[in-house]
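Engineer: Please see the structure below; I have some questions.
Read-outs throughout are calculated quantities, based only on the coordinates presented, and are distinct from any laboratory measurement. The structure displayed is predicted, hence computed values, not measured ones. With ideal geometry, Cβ positions are generated from the backbone for all residues, glycine too; neighbour counts draw on all protein chains shown.
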Amino acid sequence: MPGPLLNDQTAVITGAAQGIGFAIAQLFVDECARVVIGDVNAEAADKAAAQLGGSERAIGVRCDVTDSDDVDALLAAAADAFGPVDVMVNNAGITRDATMRTMTEDQFDQVINVHLKGTWNGTRKAAAIMRERKSGAIVNLSSLSGKVGMVGQTNYSAAKAGIVGMTKAAAKEMAHHGVRVNAVAPGLIRSAMTEAMPQKAWDQKMAEIPMGRAGEVSEVATVALFLASHLSSYMTGTVMEVTGGRFM
Ligand SMILES: NC(=O)c1ccc[n+]([C@@H]2O[C@H](COP(=O)([O-])OP(=O)(O)OC[C@H]3O[C@@H](n4cnc5c(N)ncnc54)[C@H](O)[C@@H]3O)[C@@H](O)[C@H]2O)c1
């Protein structure tokens, strides 16, 4: 029997107080990683860490990914608690949906900042630590929205497409340092972010999914685990779609 996939590794996951990030944290802990939950919601991050078994296995750290000092502090807290980061998952995200006619400049900036600046901060700062140790895996959360563009999401689609370009550029910069950078592009996944959608929007999306159902957060987590672990040792700069076949 092969051992656990992330034995003794330090994994930092942003936006992991709930949803997809929390599912990734849970699965990584099951695979014997020690996990640092970085989230702008400090109370929820602490609660999530406690749920994962407390300070031996997981800690919560308040971190706004748009603030590079916060991301430095997050990685420093990880090193203090468990050792230098081996796996970085840039998952924190928000939506501010509106058609272009009504979207405010602030709604545009907020989404670009959290996704693009946030993922850039997490990627470059984790990469700086990993390159010294000649190993590491970075997993970025893109979205199907970045591949096809979605109505009401000019901000989010731009940010998620940007994450694909950033992932590939970073993968090329880091490959010879032993650091892999890949992305996951989920489709419709059941979480707080999507359950806020009106029923009509759900039904419309459901009709586009060959597998005929939404995905579960655990089904994104398993793909993140694959990209974080040695199972994907010869993969970098890829985007793995987790969509039930939607927009293949
Ligand atoms: N749910 C889906 O269908 C879906 C589909 C494709 C991609 N995604 C992406 O997956 C990721 C997770 O989505 P989710 O559905 O779990 O969302 P969610 O809203 O359930 O969780 C997002 C988490 O990010 C945190 N967060 C928000 N802004 C932050 C910031 N500035 N700094 C740190 N943390 C911050 C929130 O507090 C929250 O805990 C996002 O990047 C999202 O865009 C989700």
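Engineer: Kindly flag which residue pairs out of Lys168/Lys205; Lys125/Lys200; Lys147/Lys172 have an alpha-carbon separation exceeding 30 Å in this structure.
Structural biologist: Lys125/Lys200
Engineer: I'd like to compare 152-165, 187-200, 228-241: which one has the highest average count of other Cβ atoms within 10 Å, and what's the full order after that?
Structural biologist: Ranking the peptides 152-165, 187-200, 228-241 by packing returns 152-165, 228-241, 187-200.
Engineer: Relative contact order of the chain: what whole-number percent is it, with Cα pairs under 8 angstrom and at least 6 residues apart?
Structural biologist: With pairs under 8 Å counted, the relative contact order is 18 percent.
Engineer: Continuing with the same structure: Can you work out ³J(HN,Hα) from phi for every residue in segment 71-79, in order, using Karplus 6.51 cos²θ - 1.76 cosθ + 1.60 and θ = phi - 60°, giving whole Hz and x for Gly and Pro?
Structural biologist: 5, 4, 5, 4, 5, 5, 5, 4, 4
Engineer: Which three extents, in whole angstrom, do the alpha-carbon atoms of segment 10-238 cover along their principal axes, largest first?
Structural biologist: 47, 37, 36
Engineer: Starting from the amide H of Val179, placed 1.01 Å from N in the peptide plane, find each other amide H under 5 Å away whose residue is 5 or more places distant or on another chain.
Structural biologist: Under 5 Å from the amide H of Val179: no residue qualifies.
Engineer: Read phi for every residue in segment 112-117 and hand back ³J(HN,Hα) as whole Hz from Karplus 6.51 cos²θ - 1.76 cosθ + 1.60, θ = phi - 60°, with x for Gly and Pro.
Structural biologist: 4, 5, 5, 7, 7, 5
Engineer: What is the dipole size for segment 10-238, taken about its Cα centre, with +1 at each Lys and Arg Cβ and -1 at each Asp and Glu Cβ, in debye to the nearest 20?
Structural biologist: I would put it at about 720 debye.
Engineer: Given H placed 1.01 Å from N in the peptide plane, which residues other than close sequence neighbours of Met240 have an amide H under 5 Å from its amide H?
Structural biologist: Ala183, Val184, Ala185
Engineer: Report the full-extension gain for the segment Met193 to His177: residue separation times 0.36 nm, less the Cα-Cα distance, to one decimal in nm.
Structural biologist: Result: 2.2 nm gained on full extension.
Engineer: Also, quick follow-up: Could you derive backbone 3J(HN,Hα) for segment 226-239 from the dihedral phi with the Karplus parameters 6.51, -1.76 and 1.60 (θ = phi - 60°), listing whole Hz in sequence and x where the residue is Gly or Pro?
Structural biologist: Along segment 226-239, the couplings run 4, 6, 7, 9, 5, 4, 10, 4, 10, 10, 8, x, 9, 10 Hz.
Engineer: When the helix-only estimate is applied to the chain (DSSP H runs of n ≥ 4, each -39,500 (n - 2.57), divided by the residue count), what is the mean residue ellipticity at 222 nm, nearest 500 deg cm²/dmol?
Structural biologist: The helix contribution divided over the chain gives -13500 deg cm²/dmol.
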